[in-house]
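The values are calculated or read from the model by the stated rules, or taken from the named source; none is laboratory data. The structure displayed is predicted, hence computed values, not measured ones. Here Cβ is always computed from backbone atoms with ideal geometry, including for glycine, and neighbour counts include all displayed protein chains.
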Amino acid sequence: MDPGKKWTSGNSPSYWAEWEGSQLRDREFLTLKAVQAVREFGCEVVFVLALVDRLRGARALFQSNGITDYRTVFTIRDFGIHVPDGS
């Protein structure tokens, strides 16, 4: 992949076209798609780093896809937002 190349729907890898056509806005899903794209290039993903964990199941999602090291800088609770336990 040429990092300086601007992808368009006509010359983009299949996963990029899927992103463009998707109405999904869930960041965890998009991160997982990026992980899959990196793996398609033969690279190993050693961890995922998120700025804020919204405590909506990202850790479980990544673990179920073979990423056991999920790191965050903050959780949503650090900003005073209450999230029920078990989320």
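Could you list, in sequence order, all residues of the range 28-87 that are among the small types (G, A, S) and in a helix (DSSP H, G or I)?
A34, A37, A58, A60
What pairs can you find where one residue is in the range 66-87 and within 15 Å of R56 (Cα to Cα), the other is surrounded by fewer than 11 Cβ atoms within 10 Å (Cβ to Cβ), and their Cβ atoms are less than 6 Å apart, with a gap of 6+ or different chains?
The qualifying pairs are R71/F47; R71/L49.
Would you confirm, using the coordinates I've provided, whether E40 is of a type in the set (D, E) and modelled with pLDDT of 90 or more? I'd like the intermediate steps shown before the answer.
Values: of a type in the set (D, E): yes; modelled with pLDDT of 90 or more: yes.
So E40 fits the description; yes.
So, of the residues in the range 54-70 that are under 14 Å from L30 (Cβ atoms) and of a type in the set (K, R), which turns out to be surrounded by the most Cβ atoms within 10 Å (Cβ to Cβ)?
R54
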